[in-house]
Amino acid sequence: ADESKCGYCKCILGKCRVTEMLVEMAKTNATLDELQKRLDAMNSQISELQTKVDDLTAGEILATGQCGENIYYVLYDNGKLLLRGTGATYDYTSRDSVFYQNDKIKEIVLSNGITRLGDSLFYHCSNAETVSLPATLTSIGDSAFAQEDAVINDTAGLTSVTIPQAVTAIQSHAFYHTAITEVVVPASVKTWGKY
């Protein structure tokens, strides 16, 4: 059956206003769909521009470097650490990470495009209390945010984390000895290492 016709006998004869209204409604819905696509594209551009503004206004630069084949970082004097790029960060052993024991890091912000946080990347960054993980993240490496356990039952570092929906693997000790009290794990996570 033709959904643009109401089915009433006047419609069959072409004298029904309902058919005209259904056609106009279909056109309006198509226009709304197109406008929604444009709005989504504009919101994406706004988000990218906001990120660039945030990068420019974060404060004095304390350190810069590379922590992945296509991932670079900037640490500002206000404690904000920004990682920008695509793909995976490097894997480190606990004390070899470029961020090991960096007490200046308070907030970690990772850009969309980063897919994996390497092993021990933020190992013993005890003042880093917040992290913003990108929607593109699929894996968190072994001991990525772990804290050293110098004192039994002592915790430090992250206080909360939101795991993105795309994450499928969280390796062993990823959040070991952090101050996280609650975490929501999406159903997408299929691998979660011990502790």
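The values are calculated or read from the model by the stated rules, or taken from the named source; none is laboratory data. No experiment lies behind these values; they were computed from the predicted model shown. Note: ideal-geometry Cβ built from the backbone for every residue, glycine included; neighbour counts use all protein chains shown.
A few comments on the model shown:
- Looking only at the range 164-178, and only at residues there that are within 22 Å of ASN127 (Cβ to Cβ) and in a loop (DSSP other than H, G, I, E, B), the one that is modelled with the highest pLDDT: HIS173
Okay, residues lined up against (1) at pLDDT below 80; (2) of a type in the set (Ser, Thr, Tyr); (3) assigned by TED's automatic domain parsing to the domain that holds ASP149:
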| site | (1), (2), (3) |
| --- | --- |
| GLY14 | yes, no, no |
| ASN78 | no, no, yes |
| TYR90 | no, yes, yes |
| ILE108 | no, no, yes |
| SER120 | no, yes, yes |
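- The residues on offer are LEU117, LEU75, LEU82, and the sole one that is surrounded by 21 or more Cβ atoms within 10 Å (Cβ to Cβ) and over 21 Å from TRP192 (Cα atoms) is LEU75.
- Answer residue from the range 78-106, given it is among the charged types (D, E, K, R) and part of a loop (DSSP other than H, G, I, E, B) and is nearest to the chain's Cα centre (by Cα) among those: LYS106
- Count of residues meeting criterion [in contact (Cβ under 8 Å) with a residue 40 or more places away in the chain and touching a His at 6+ places or on another chain (Cβ under 8 Å)] in the range 152-195: 1
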